[in-house]
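No lab work stands behind these numbers, since they all come straight from the coordinates. Remember, it's a predicted structure, so these values are computed and weren't measured experimentally. All Cβ positions, even for glycine, are placed from backbone atoms using ideal geometry, and neighbour counts span all protein chains on display.
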């Protein structure tokens, strides 16, 4: 075991450019934000547990559902996927780091600062309260005076910088830093899905940036983009938001697909069934994902032709998604299943994702959608795909890869307890929402009257959500316990096939002393296993990029500028810009290796 | 190539690295994102303008087209000087590299200066970002372009400093090529903006 992988004090973490440390920092931050978003959800559920409840005011309720959505999407699930990208991609492709290690550190810091910036709104006059979708003209100064929406507008732009920089980094890394012999069609499926997700981020995020910029100018400089009185177009916002927002759905789910495509073959002792189909259907999903945004807008009246085209496009996505599901099941078929916790979560994922996928096909049909839109049926649907789908898959990935990160196994019994608690309570929380939605309970309202037939289902859902919260505590306990007294993982506790498992756990800071060579898919399962000893002691120790404080300082600049914009203080904005300029020049003239 | 990158020279397998180097590939991908950004801006402009209920001002009614036409010519010239800078270092000509880089930065700065003058004049005549959809779209689109030119000038200055320190050689001058890619992109965007905002 390498002594210097995670050694050093706080300062060494603040200046690190090591992809593994950055991955761990993403993980810790994302888990903390996941709990913040979870607490917001619990408050929402407690309020809705009984009719005409007065626990939470309508105003606070609006803040809570806005921040719950924004936090879970931008501060919990995306960064959690990012934690996996960071830790795993260089290891999976046989590289020593990402293409731009300092840019990678910058991406992390601006994500963290952006997230703290957004959440600091709770302390200063209230959090954003116009929904995570921020529909115009609810966000205009007329209907949202004060700085709550400004927090949201500026915070999301900061997070956008992080996503774009990180996606660019991973595209270049995956294209250019693959080990010899690691052709595209030999890459692990998780690496493939990371590549596709990064392209989606690069191409989709600018659409919301344009929308946010217009909204910011409307609020600050009096432009009229979303002001109908001056000829502006409120629907333009919905288009811009969903041109980003729908690919965003795939940004959240494709990494999960990648995790599942790694976990299932490992625990079935069988190579992935239909590898090319898994990859190409991922490509197709990413491509089609750009052409279906208006299915979020069936209710605004785009006309029958537009609705039909977007409806058909949406239904088409079911085909490549179905292909993947059949391939995963076919991988397990006839395999020697090893029923460890990661496989539990992976199978849970398949089951829950199918339910969410099927309800998705239901409201791909505009007439059906008109009945369901803005009801709890939609809430049920997207929690089945995002929680039942992505979060289950990410837990499968955590139980699978955390031993590689820490060098210690998680406890199997606690893991299975976590799974069953989470599985049961998840369904208890969200399945009743299908019925609530069918019975007409609207979303985003802070209470309801008794006697409408909503009481029992809401009570069940609230009880389920408390249990769901408790299941997360089991996970945290398991994690803490494994740091203290988990059994050592060794190099390859699951007997898995990809390159990261050829290294010690945790890997040394340079990953591979000798760059591996790859003669085919599943390299460690090939005759003779890894073809190159990655720890050949006769090879010289590689020189790695030196730590740098500039990325963190550079990330501070835009946050200072955003604070200045919030305070309407041009001076503070200029301080932020000055920090940016100084750190860019400092960074640029500092050699990568010193 | 930095030492942490993969050295595929000695392997019996084919190298998997693309012929395009990391930083240049990174710039191309960044530009893909930029294309989407300006597509969003221009697409919104098209929707707002051709969906507007009130008539849109005809060219020349509000904006001073001849001055901006001259400014457009300036910016196109700066693309030529950028190409010259790149060609100079391809030939190993250090002196002309510095000359052409500085010329590009200066012309770029002049473009921003003329744009600032244009804005001041417009504001004097009461034309503001809040002046209807026309003002909103005009200032947002040209403003973002001007911001891109400003960033480009700052980057050009950095490349020029490095050139004066002898940081580029005939064999290795990736920085000049990368800033060139960005600069030509910004130039191209302006030609589109000038056409749809000033001429049509």
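With a Förster radius of 41 Å, plug the Cβ-Cβ distance of residue A:470 and residue A:271 into 1/(1 + (r/R0)^6) and report the FRET value to the nearest 0.05.
Details: r = 38 Å, r/R0 = 0.93.
The formula returns an efficiency of 0.60 here.
At 7 Å along the Cα-to-beta-carbon direction for both residue B:184 and residue A:220, put a label point, then send me their distance in nm to one decimal.
My value for the distance between the label points is 3.3 nm.
So for the range B:21-199, averaging the separation of alpha carbon pairs under 8 Å that are six or more residues apart and normalising by length, what relative contact order in percent results?
RCO, the range B:21-199: 33 percent.
Roughly how many nanometres apart are two label points built 7 Å out from the Cα toward the Cβ at residue A:124 and residue B:50?
That separation, rounded to one decimal, is 4.3 nm.
How much length, in nm to one decimal, is gained on full extension between residue B:95 and residue B:116, taken as 0.36 nm per residue of separation minus their Cα-Cα distance?
Length gained, residue B:95 through residue B:116: 4.4 nm.
Roughly how crowded by other chains is peptide B:129-140, in terms of the mean Cβ count from those chains within 10 Å of each of its Cβ atoms?
Mean shielding by partner chains, rounded to a whole number: 6.
For the range A:484-520 and the range B:104-174, write down the distance between their C-alpha centroids in whole Å.
Cα centroid of the range A:484-520 versus Cα centroid of the range B:104-174: 49 Å apart.
Taking a spot 7 Å from the Cα of residue B:164 along the direction of its beta carbon, which residues of the range B:96-118 have an amide N less than 11 Å from it?
The answer is B:102.
Starting from the Kirkwood Rh over alpha-carbon pairs, what translational D in µm² s⁻¹ does the protein assembly as shown have by Stokes-Einstein at 10 °C and 1.306 mPa s? Can you show the working numbers first?
Values: Rh = 27.9 Å.
Translational D for this selection: 57 µm²/s.
Grab the beta carbon distance between residue A:54 and residue A:299, set R0 = 41 Å, and tell me the FRET efficiency rounded to 0.05.
Efficiency computed from Cβ-Cβ geometry: 0.85.
Using alpha carbon centroids, what distance separates the range B:62-78 and the range A:273-297, in Å?
What the calculation gives is 44 Å, centre to centre.
Report the gain in length on full extension from residue A:543 to residue A:514: 0.36 nm times residue separation, minus Cα-Cα distance, nm rounded to one decimal. Display every interim value, and only then the final one.
Details: separation 29, 0.36 × 29 = 10.44 nm, distance 1.22 nm.
Using 0.36 nm per residue and subtracting the Cα-Cα distance, I get 9.2 nm.
Report, in cubic angstrom per residue, the convex hull volume of the C-alpha atoms of the range A:174-304.
Per-residue hull volume (Cα only) is 141 Å³.
Just tell me how shielded B:31-41 is by partners: mean number of partner chain Cβ atoms within 10 Å of each residue's Cβ, no decimals.
Numbers: counts 0, 6, 11, 3, 2, 10, 7, 2, 4, 12, 5.
Mean number of neighbouring Cβ atoms from other chains: 6.
So what does log10 I(q)/I(0) come out to for chain B at q = 0.08, 0.11, 0.19 Å⁻¹, using the Debye formula with one equal point on every Cα and no solvent?
Values returned for q = 0.08, 0.11, 0.19 Å⁻¹ are -0.36, -0.61, -1.29.
By how many degrees, between 0 and 90 and to the nearest 10, does the Cα long axis of helix B:132-164 differ from the longest principal axis of chain B?
30 degrees
How high is the relative contact order of chain A? Use alpha-carbon pairs under 8 Å, at least six apart in sequence, and give a whole percent.
Dividing the mean separation by the residue count of chain A yields 19 percent.
What does the structure give for A:195-207 when I average, per residue, the other chain Cβ atoms found within 10 Å of the residue Cβ?
3
What is the extension gain from residue A:569 to residue A:485, computed as 0.36 nm multiplied by their sequence separation minus the C-alpha to C-alpha distance, in nm to one decimal?
25.0 nm
If I model a spin label at residue B:147 and residue A:28 as a point 7 Å from the Cα along the Cα→Cβ vector, what separation in nanometres do I get?
According to this spin-label approximation, the distance is 3.3 nm.
How high is the FRET efficiency between residue A:374 and residue B:83 when r is their beta carbon distance and R₀ equals 56 Å, given to the nearest 0.05?
With a Förster radius of 56 Å, E is 0.50.
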